[in-house]
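Worksheet: one structure, shown below.
Quick note: the coordinates plus some simple rules give every number you see, no bench work behind them. The structure displayed is predicted, hence computed values, not measured ones. Here Cβ is always computed from backbone atoms with ideal geometry, including for glycine, and neighbour counts include all displayed protein chains.
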Amino acid sequence: MIPTRRRPTAALFLSLTLTVTAVLTGCTEPAATEAASAAPSASATPRFDPDATLWTIASTDEPLSLDDPDVQALQQVVARHSGASDNRSPATVAESVTAEEMYFTPLFSEKLATQGYRDAVVAMYEDADLTIEQTGVAWLQSTIDADRRHATVGFESLFAIVDASEGYLHELDVDPGAEFAQPREYSLTKVDGVWLIDDISKGPLRKSAEPTP
C-alpha cells in the first residue's frame, strides 16, 4: 500500500511512475523500491533511423504508415493521456488523474487503485506545491499485433518543472523551468473498437529540453 499524504521525495518525482515496471532495465520491483532507485540519467535512449517508419506489424515487421487508422488512433490516445499526466499543478492534479482514467482498461484502473495511485499522486503535487508542463512528445519505435487488437507504443515525453516549493527544488537540485525527457512504453488493447491503455512502463529521466536524436 502506498502511504497517503507523506511528503514526496525527489526520487518519487523523478520516476513519475504509474506502474512498478522499468522498461529500459526490464526490472520489476515494489513501487517504493523503484522510486528510491530512480534518478536522472544521461544514458541515451534507443536511436532509430529518421528515414524509417517507427510503426510496424509485430510478427512480420511490415511497416505501417502514419495514415493507418490504428496508428492514428493509438497516437491520439497516447498523446491525450500523456497530456493529462504531464500537465499538473496542486489545483488540477485530482482532475488530471480522473482524466487519465478515461484511457485505461478497467483492469488497469483496478490495479492502480489497489496500489493507491490517486492518493499518492495528489499528495505528491500538493505537498511539494509542484507544477509541471508538457513541452512535447517524440515518438519512438512502436508495434501493432497482426490481429490489430494489441499494440505497444514507444515515445518520449518532454516536460518542464514550472514551479515547486523551495525545499523540493533544492532536493532535486534544479531551478524552476528545468526540463526533462523520459522514454515510455505503453501497452494498449482494443476494447469494443477503442484503444485503451493496459500497462505503462517508464525509463529513467535525463535533464534535456530536446528529444533523443
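Amide H contacts of Val162: Thr131, Ile132, Glu133, Gly177, each under 5 Å away and 5 or more positions distant or on a separate chain (H built 1.01 Å from N in the peptide plane; Pro and chain starts excluded). Using the Karplus relation 6.51 cos²θ - 1.76 cosθ + 1.60 with θ = phi - 60°, the per-residue 3J(HN,Hα) values for segment 175-184 come to 9, x, x, 4, 10, 9, 10, 9, x, 9 Hz, with x marking Gly and Pro. Given their separation in residues at 0.36 nm each and the Cα-Cα distance between them, His170 and Thr98 gain 22.9 nm when the chain is fully extended. Shown in residue order for segment 61-73 are the 3J(HN,Hα) couplings computed by the Karplus curve 6.51 cos²θ - 1.76 cosθ + 1.60 at θ = phi - 60°: 6, 4, x, 10, 7, 5, 7, 4, x, 6, 4, 5, 5 Hz (x for Gly and Pro). Residues whose amide H falls under 5 Å from that of Ala58, counting only those 5 or more places apart or on a different chain, are Ile144, Asp145, Ala146, with hydrogens built in the peptide plane.
Which lysines, if any, have their Cα less than 25 Å from the Cα of Lys111, not counting same-chain residues under 8 positions apart? Hits, sequence-local ones excluded: Lys190, Lys202.
What the phi angles of segment 87-92 give under the Karplus curve with 6.51, -1.76 and 1.60, with θ = phi - 60°, is a coupling list of 10, 9, 8, x, 7, 10 Hz, glycine and proline written as x.
Taking the alpha-carbon distance from Lys207 and a cut-off under 17 Å, which aspartates and glutamates remain once sequence neighbours fewer than 8 residues away in the same chain are dropped? Straight-line reach from Lys207, under 17 Å: Asp86, Glu133, Glu156, Asp163, Glu171, Asp173, Asp175, Glu179.
If R0 is 35 Å, the Cβ-Cβ spacing of Val162 and Gln76 corresponds to a FRET efficiency of close to 0.90.
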